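What follows is a set of notes on a single structure, which appears directly below.
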Amino acid sequence: QNVYAQGIFVVERPSPELEYLFRHTILHEVAYGMLSFANRRMLHERVAEYVSHAYAANIDAWYGILSFHYGRAEQFAREYHYSVLAARQAHRQGAYRQEYQFFNRAIELHRAHSLASPEELFDLYAEGQKPRERLISKTSG
């Protein structure tokens, strides 16, 4: 029997591109847990590559997703690149918590893999400090 007929997947969005979701989170977790780490990395990389090509005209809407998938694919230079872009985009949208999280991730990636020049790292620290200060003043004010 096919998994669609059994109700394991549901159609989330029929168009513009058909999109399926697992009916239950536990099914997703079990299926994902059954994959080897190598297969997980490969699938995340394929998703990121697909998104970056399929949505190239509107790629800025996908920075956070690309950061996530490249990270899970262990493509750390690409994760770093999209984390910085996602942080700056979050800033423009006033999403300071996400901005802070993406800047922190970019800094962590640099520390682990030396992905930024000293000048770029200085800028990251400076940019990453701003959303932290906004979040602190927002919660204390």
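Miscellaneous remarks
- 17 Å reach of a label modelled at Arg97, 7 Å along Cα-to-Cβ, counting backbone N of segment 107-141: 131-141
- FRET efficiency for Asn104 and Ala61, using Cβ-Cβ distance with R0 set to 30 Å, rounded to 0.05: 0.85
- Net charge over other residues, Cβ less than 11 angstrom from the Cβ of Ser67 (K, R count +1; D, E count -1): +2
- Sorted into 5 angstrom bins from 0, the C-alpha pair distances of segment 71-141 split as 3, 19, 28, 23, 15, 7, 3, 1, 0 percent.
- When a 1.4 Å probe is rolled over the protein heavy atoms, the share of accessible surface on segment 68-141 that falls to carbon and sulfur comes to 49 percent.
- Tail weight of P(r) past 21 Å, computed on alpha-carbon pairs of segment 36-107, percent: 24 percent
- Full extension of the chain between Phe122 and Leu43 yields a length gain of 25.1 nm, computed as 0.36 nm times the residue separation minus the alpha carbon distance.
- Accessible solvent surface per residue of segment 48-115, calculated while the other protein chains remain in place, 1.4 angstrom probe, Å²: 55 Å²
The values are calculated or read from the model by the stated rules, or taken from the named source; none is laboratory data. Only a predicted model underlies this, so the values are computations on that prediction, with no experimental measurement involved. As a convention, Cβ positions derive from the backbone with ideal geometry for all residues, glycine included, and neighbour counts pool all protein chains shown. Keep in mind that these areas ignore ligands, DNA and RNA; they rest on the heavy atoms of the full protein, side chains included. Shrake-Rupley method; radii C 1.70, N 1.55, O 1.52, S 1.80 Å.
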